[in-house]
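Reviewing the structure listed below.
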Amino acid sequence: MNLIDWICEGAGLVGMAAALVACSLAYSVSPPLDFWVTVGLSLAGNLLYIVHVFARRATGNSALTWRELVLATLVPIVALLVTIVIAGEIGGLFHLPFAGSANTPAKHVITLSPNHD
C-alpha cells in the first residue's frame, strides 16, 4: 500500500465516523455549523473512499473481486446515504414522516367536559 491508499482508507474511516456524529448532532442543541461541517466531512470522506476503491478496480490495481468490492464499499455507501437523508431533512429539502417526531412537543390536547358521564 502506498501513501495514497492510506489517505483514502483513512478518509473512509473519517467519513463513516462523521456520519455517526452527524446523526447524533442532527436533532441536538448544537450550533448548525458543527452539523454542516460534520456532514461535509462525511460526504467527502465516504466519496473519496468509494471512488478510490472503484478506480483501483477499474485500473486493474486491486486484487478484490467484484463481490468483495461490493462488500468493501457497502458500509461507506450506507453511511453516505444516511448522511444525505439526514442533511436533506435538516436542510429542509424534504420531510420524512418519522424524523423529529420524538423531539417535538405533543400537539394533541384532550379535553373533557365537566359532565362527561
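Throughout, read-outs are computed from the coordinates displayed, never taken from laboratory work. Note that the coordinates shown come from a computational prediction; the quantities given were computed from them, not determined experimentally. Heads up, the Cβs are rebuilt from the backbone with ideal geometry, glycines too, and the neighbour counts pull from every protein chain shown.
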Within a Gaussian network of the chain (alpha carbon springs, distance under 10 Å), most fluctuating of 72, 63, 17: 63
Virtual spin-label span in nm between residue 93 and residue 51, 7 Å along Cα→Cβ: 1.7
Inter-label distance for residue 34 and residue 112, nm, one decimal - labels placed 7 Å from Cα along Cα-to-Cβ: 4.3
Cα→Cβ-extended label distance, 7 Å offset, between residue 7 and residue 24, nm: 2.9
Quotient of Cα Rg and 2.2 N^0.38 Å for the range 3-103, N being how many residues it contains: 1.21
